[in-house]
Amino acid sequence: MNHHTSGHPALRDDTHAAPSPLPGRDRTAAAAPRRRPGFRLAAACAAAAATAVLLSGCGGGSSEHASAETSAASSKDAKDKAGMDGMDATDEMEGMDDKAMGDPSATPADKIADAEITRGAFRLLDTRPPGMDDVTGTAWLAQHKDGTTVTVSLTGLKPGAAYMAHLHAQQCSDDNGGEHFQFEKGGATTPPNEVHLMFKAGKSGKATTTVSNTRKTGEDAVALVVHPREAMDNRIACADFEF
């Protein structure tokens, strides 16, 4: 590696200025030129310059790498926080038996023998996300000797998209169904204390599923609300049960 030191004054050649060797001393050592402080300073500057050049080539990469690691860590923290803040009922019920959230092959509520059956037609809500204007369907609630069975059937959904539905304690005209119905108020927000249905729309935008609970709701669960699985606040439609 070549370094230019044009910024420093030229070094004097002190070879001719060296004093005559003293009697009795090693002539070879005595003949060697004396290095003045100026030479050492120039050498130090050259070494520093070389180090700076090397660092500018590698240090930049290290700085960028460190910056990338810091950015990645910040991004991970942000994602973790967003994940916690955006947690919905699906996250809370991870690992739960799938049938606790619905079974498309189960006997529909309106087909259960010796049951008290009520139904409700879905109507669109103002909170629905774009593209949901054609959603229609029916919800059924059957109470029988084994508890409660709820069935939902919908069309006009986005093909392949996942949705959820919950029994609610208020009618659709009252705050779009209000809070979820709970067998034990203030208790767990997951089944079996609540009645949830999770389903995915087929290629034609249709979906049907059924879920059962071992307890009867009575007339306290008065509506069923459906929304995208990932956006609980974007309620699409609500069905009032006709008791």
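Could you tell me which of the residues P108, P191, P129 is in contact (Cβ under 8 Å) with a residue 24 or more places away in the chain, under 31 Å from the mean Cα position of the chain (by Cα) and over 15 Å from V226 (Cα atoms)? Within the list P108, P191, P129, the selection yields P191. If the condition is being exposed (fewer than 15 other Cβ atoms within 10 Å of the Cβ) and within 28 Å of the chain's Cα centre (by Cα), then the range 175-185 contributes only E179. Reported count of residues in the range 207-226, each being hydroxyl-bearing (S, T, Y) and either closer than 29 Å to D126 by Cβ or out of contact with any strand residue (DSSP E or B) (no Cβ under 6 Å at 6 or more places or on another chain) (or both), is 4. If you go through the range 186-220 and pick out every residue that is open to solvent by 20 Å² or more (accessible area, probe 1.4 Å) and at positive phi, you end up with 2. Considering only the range 132-170, state which residues are in contact with a helix residue (DSSP H, G or I) (Cβ under 7 Å, 6 or more places away or on another chain), open to solvent by 10 Å² or more (accessible area, probe 1.4 Å) and in contact (Cβ under 8 Å) with a residue 40 or more places away in the chain. Result: Q170, single match.
Candidates D114, D126, D133, D110: the one that is outside any loop (DSSP other than H, G, I, E, B) and out of contact with any Asp or Glu (no Cβ under 9 Å at 6 or more places or on another chain) is D110. Evaluated against (1) over 27 Å from the mean Cα position of the chain (by Cα); (2) surrounded by 17 or more Cβ atoms within 10 Å (Cβ to Cβ); (3) under 17 Å from P108 (Cα atoms), A223 falls short on exactly one condition, (3). The condition of being in contact with an Asp or Glu (Cβ under 7 Å, 6 or more places away or on another chain), farther than 14 Å from L141 by Cα and not acidic (D, E) holds for only one of T210, T155, T190, that being T190.
The values are calculated or read from the model by the stated rules, or taken from the named source; none is laboratory data. All figures in this text were calculated on a predicted structure; none of them were measured in a lab. Glycine also receives a Cβ, built like all others from the backbone with ideal geometry; neighbour counts cover every protein chain displayed. Each accessible area value is taken on the protein alone, full model and side chains, heavy atoms only, with ligands, DNA and RNA left out. Shrake-Rupley method; radii C 1.70, N 1.55, O 1.52, S 1.80 Å.
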